[in-house]
Structure formats: structure tokens, C-alpha cells
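Computed from the coordinates by the stated procedures, all read-outs in this text should not be read as laboratory data. Bear in mind the structure is a predicted one, so any value in this text is a computation, not a measurement. Note that we place each Cβ from the backbone using ideal geometry, even for glycine, and neighbour counts take in every protein chain shown.
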Amino acid sequence: MLDYFLLAMRALKLNKVRSFLTMLGVIIGVSAVITLTSIVGGLEKTIRTQFESFGSNSLYIFPGEPGGGRGPGGTAVNKLSFDYTKIIKNVPSVVDASAMVFTTGDAKYLNKSSTNVTINGIEDNLEEISGIGASEGRTISKSDMAGSKMVAVIGQTVKKNLFDDLNPIGKIITLKNKRFEVIGVTEKQGAVFGVDQDNEVNIPLNTARQRFQIDRPNFFFIKIDDPKNIGSAQRGIEKVIRQFLDKEDFSVVSQEQSLEFIGNILGVLATALGGIAAISLLVGGVGIMNIMFVSVTERTREIGLRKAVGANSKNILTQFLFEAVILSLLGGLMGVVVGTSFSTLLGNFIDTAVDPMYVLLSFGVSAAIGIIFGVAPAVKAGKMDPITALRYE
């Protein structure tokens, strides 16, 4: 085996540039698989961290049923009511519940603006339920809710866009042509699915309902006393809301179910992206086969000479197969280095997570490609007639 390896390496060194160009398809394929799947892995990690920051004892109520309860255009028909907050709080194991609404618009201060801001209408208890507090100033209070006050807690991105290093507390901003006093700045949350969670403004729920004519909650955020009671609380909430709505009109979802659902979507996405990138590996395999056929033709006299001095068809076949496999393995190894390095570099700008499974899989596929696409040229070399080969010009 060592002799075959040394012979293969010697043959590849004679045409270094051609060997590298042959490996390029494999390098691009492997590095693309690793990079794309690491981006998806980083996205999943970010989402998981975001959900886990809310605690494992959270439930959510959304309009419509997953996969059903859809209206025209494929959107869920929202039949939820703000009145459900009171009845949800009476369900055993429920510590607290909060309705939420949201809309979008631009936030403005003097001549500066933050575009496509998410404007959340929240209750005063959301900080206790979600664990997201204020890094500056304060959050929405009971008096803000009761008086439908025109106050706002802005996100870190909004603060940066509107105020730079200026203290925003007490300043007046405009949201959808309505004036709000800034009373606080939320803690940094980061991005989920590429959406900046810090480009948002929280205002009192009653204010949002009155000023922006919102008559339905977008969802409910519920806190349970103990993660062990998630199942029973979920069933209890479904039971009380079924008094007002049909089963397909709402969904009570746990954090674990949300993560599983998102994980399934991201898993499909990672597989799809990995499959698209793997096409480069097939192209690389075709390149290896093409170059090996050229190599067999160029070395016809060498093959005839080796057979004349005692080498059999198996020896010749093994030698050329070794060359193809070494090309693909070296390409795969270089692809792993390039892919992991690029993923690490991307990690300075977005969250990435290199999955060892995809690294091993892409490297294994590159090795298999060398064997699969190297067989035909190797068989051709092995079957050559020594006398004809020696006469070849």
C-alpha cells in the first residue's frame, strides 16, 4: 500500500497545477457544505439561547392551529381576545400571563430616524414573565398601563440610530406620527432569523390599542410555576379557551414544542443548503474522472512498460485508483480547512456553529467521490494490452 501511495504522490507532484485545479471542485464543495451548515447551526443556537432566556416554564398562545385554521391568503384568522388574560391566570400552575400586540413603523427624533421598527404593545408584567429588563431607565409600569400613557422603552438599535451617545431618557420620539416620551432602554437581545430584536420599541398595551386601533392580541406570553407542570397547564389553558373558540382557532405551544418546530425547519434548511453545496462535489468528481482519463492516455507507454516488467492489471488499476482517491482526499482536507476557517471568520459578524457531523460527512463524501469517479479511468488503465501500450505514440 505504501508503494502505491508513494507512486501516486510522485505522479501528482509532476503536475502540481493540474492536480490543484482538479481538487478545486472538491475544495469548493466541502467548504461550501461546512460554511452553509455552520450558518444554519449558528442561527439555531441563537434562537435556542433566545428561547431559553425566557426560562423553560413558558407557554405561548397563537391564533390559528399549526397547519390549519387558515383564512384567505394562508394567514391565520385571529379570533383571540384580550379578555382571555384573566381566565388564563385562573388556570392551575399559571403564575402570570400577558397579552402582546405589535405593529411596525419608523421611530423619529429631530432629524434622525430608525426604520422598520417593531412597536410592541405590552403589559406591565412582561418584564417579570420574559426576564427582559431595562438597561437604562425603567420598564412599563401599572400606572402607564392604567393611564394609557404615551411612554416608550426603546431597544438598543433604536437608541443608537436616534441618540448615539446622548442620554435618551426624557426625550420625545415620534412613532407613526404619535409623540412618546422615552422612559427606558431594553437590555440587548440580538437577532433571530436575521431580525434585529433590538430595533423595537415597547409601549403600554392600552396605549397601543387606543392609538393604533388594535382590537386583537397577536399572542399571549404565559409563565408557569414549575417546568414539571407545563403539560397540565397547557391542557388546562386549552380547556378554558375552548369555551370560547374552536380547536382550530388557537394554539397553546410550549417552549420545547417551539424549539422542536424551529429545529425541524432549520434541519430541512441545512439539508437543502448542504445538498445544493454538494453539487460542487459532484462537479469536482467529474473533474477528477476527466483528468484521470487524460492521465491514463498520457501515461499509456508507462503502463505498457510496467506490465512488460511484471505488473498485472490489478496493480495498474490500484495505482490509478489511489491517485484519484488521494486527489479527492486532499481536496476534502483542504475544503475542511477552508470551510472551518471561513466559518470562524464569519463568526465575527454573525453566529456560526460548525457541526462535526457535516464535517465528517462532507469529508467522507469527498473520499467516496474519489473512489466512484476514479474507477472508470483505473479500469481502463488496467485493461490495456502491454504490446499496444508500448507501441503508443
Val17-Val268 FRET efficiency (beta carbon distance; Förster radius 35 Å; 0.05 resolution):
0.30
Give me the extension gain from Met9 to Lys176: residue separation times 0.36 nm, minus the current Cα-Cα distance, reported in nm with one decimal.
53.2 nm
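Would you kindly give the portion of the calculated P(r) for region 146-230 that falls above 14 Å, as a percent of all Cα pairs?
Values: 2496 of 3570 pairs.
When every Cα pair of region 146-230 is considered, 70 percent fall beyond 14 Å.
Grab the DSSP H runs of the chain that are 4 residues or longer, score each as -39,500 (n - 2.57), total them, divide by all residues and round the 222 nm result to the nearest 500 deg cm²/dmol. Mind showing how you got there, number by number?
Values: 13 runs with 212 residues, N = 393.
Dividing the helical sum by the residues of the chain leaves -18000 deg cm²/dmol.
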Reach of Lys171 by Cα under 29 Å, taken over lysines that are not fewer than 8 positions away in the same chain
Lys108, Lys112, Lys142, Lys149, Lys159, Lys160, Lys188
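To the nearest 0.05, what FRET efficiency results for Asn218 and Val286 with a Förster distance of 41 Å applied to their C-beta separation? Mind showing how you got there, number by number?
Working: r = 51 Å, r/R0 = 1.25.
FRET efficiency, Asn218 to Val286: 0.20.
Counting each pair of different Cα atoms once, what's the Kirkwood radius of the chain in Å, rounded to one decimal? If you can, show how the numbers build up before the last one.
On the way: mean 1/r = 0.0390 Å⁻¹.
After inverting the pairwise mean of 1/r, the radius is 25.6 Å.
Suppose R0 equals 45 Å. What FRET efficiency, 1/(1 + (r/R0)^6) with r the Cβ-Cβ distance, do Phe261 and Leu346 give to the nearest 0.05? Mind dumping the intermediate values first?
Numbers: r = 26 Å, r/R0 = 0.58.
For Phe261 and Leu346, the calculated efficiency is 0.95.
Would you kindly work out the equivalent ellipsoid of region 273-323 from its C-alpha gyration tensor and give its semi-axes, the square roots of five times the eigenvalues, largest first in whole Å? All intermediate terms of the calculation are to be shown ahead of the outcome.
Details: eigenvalues 200, 25, 4 Å².
Each semi-axis is the square root of five times an eigenvalue, giving 32, 11, 5 Å.
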At a Cα cut-off below 29 Å, give the lysines reachable from Lys239, other chains included and same-chain residues fewer than 8 away excluded.
Lys79, Lys86, Lys89, Lys223, Lys228, Lys247
Thinking of region 187-326 as a set of Cα atoms, what percent of all their pairs are more than 18 Å apart?
78 percent
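Give the order of Ile140, Ile172 when sorted by the count of other beta carbons within 10 angstrom, beginning with the fewest.
Details: Ile140 27, Ile172 12.
Ascending number of Cβ neighbours within 10 Å: Ile172, Ile140.
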Measuring from label point to label point, each 7 Å out along Cα→Cβ, what is the Gln243 to Leu166 span in nm?
5.1 nm
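Compute the convex hull volume of the Cα atoms of region 94-135, divide it by the residue count, and report the result per residue in Å³ as a whole number.
Details: hull volume 3.8 nm³, N = 42.
Given the Cα convex hull of region 94-135, per-residue volume reads 91 Å³.
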I want to verify a result. In a Gaussian network model of the chain, Cα cutoff 10 Å, which of these has the top mean-square fluctuation: Ile34, Ile350, Ile203?
Ile350
Binning at 5 Å from 0, report for region 97-244 what percent of all alpha-carbon pair distances ends up in each bin.
2, 9, 18, 22, 19, 13, 8, 5, 3, 1, 0
Rounded to the nearest Å, the spacing of the alpha-carbon centers of region 325-358 and region 254-288 is 15 Å
Length released on extending from Ser81 to Leu305, taking residue separation times 0.36 nm less the Cα-Cα span:
71.9 nm
Separation in nanometres of the label points that stand 7 Å from Cα toward Cβ, at Glu187 and Asp106:
3.3 nm
Karplus 3J(HN,Hα) series, Hz, for region 229-246 with 6.51 cos²θ - 1.76 cosθ + 1.60 (x for Gly, Pro):
9, 4, x, 5, 5, 4, 5, x, 5, 4, 5, 6, 6, 5, 5, 10, 10, 6
